[in-house]
Amino acid sequence: SGRQWTAEQAWLLIKQLATRETLRYNEVLLSDTYKTAGERVLRALEQAELISIVSSNGRPTLIKPGKPVYMPAFRLLVADHVLQARLDLAILAEQIKIETAGID
């Protein structure tokens, strides 16, 4: 209950990091899942050590797993088809809410 992120936000990063070792910070923020309070959420995930944010010239540029052991763990999570389906469905439901609010 004290978390500052949702399971969907964490899942999106886990899913992307399972296939690539690093993600561009700004591309993640452009995702619909991170449009509201995205930087705060990413910093909270970094505090929880799920991810690590790499800075260059004083600004965040890359996101990578918080610890090297997380990369294989992320791949195992993504390989679980039941978990993947449930969380992907939750992300899609969240995107539907966002689009519905935009239409209203």
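The values are calculated or read from the model by the stated rules, or taken from the named source; none is laboratory data. Quantities reported herein were computed from a predicted structural model and do not represent experimental measurements. Every residue, glycine among them, receives a Cβ derived from its backbone with ideal geometry; neighbour counts consider all protein chains shown. Just so you know, the surface numbers come from the protein's heavy atoms only, side chains and all, with ligands and any DNA or RNA stripped out. Shrake-Rupley method; radii C 1.70, N 1.55, O 1.52, S 1.80 Å.
Give me the residue from segment 48-103 that is in a strand (DSSP E or B) and small (Gly, Ala, Ser) and, out of that set, farthest from the chain's Cα centre (by Cα).
Filtering segment 48-103 for residues in a strand (DSSP E or B) gives 51-56, 59-65.
After this cut, where a residue has to be small (Gly, Ala, Ser) as well, the list is 52, 55-56.
Details: Ser52: 12, Ser55: 18, Ser56: 20 Å.
The qualifying residue farthest from the chain's Cα centre (by Cα) is Ser56.
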**Item:** Leu77 open to solvent by 50 Å² or more (accessible area, probe 1.4 Å) and touching a residue at least 40 places away in the same chain (Cβ under 8 Å)
**Value:** yes
**Asked** Out of curiosity, is Glu39 open to solvent by 50 Å² or more (accessible area, probe 1.4 Å), out of contact with any Lys or Arg (no Cβ under 8 Å at 6 or more places or on another chain), closer than 17 Å to Arg24 by Cβ and assigned to a helix (DSSP H, G or I)?
**Response** yes
**Request:** Just name the residue that is farthest from Glu8 (Cα to Cα) out of those in segment 27-74 that are touching a strand residue (DSSP E or B) at 6+ places or on another chain (Cβ under 7 Å) and touching a residue at least 40 places away in the same chain (Cβ under 8 Å).
**Result:** Leu62
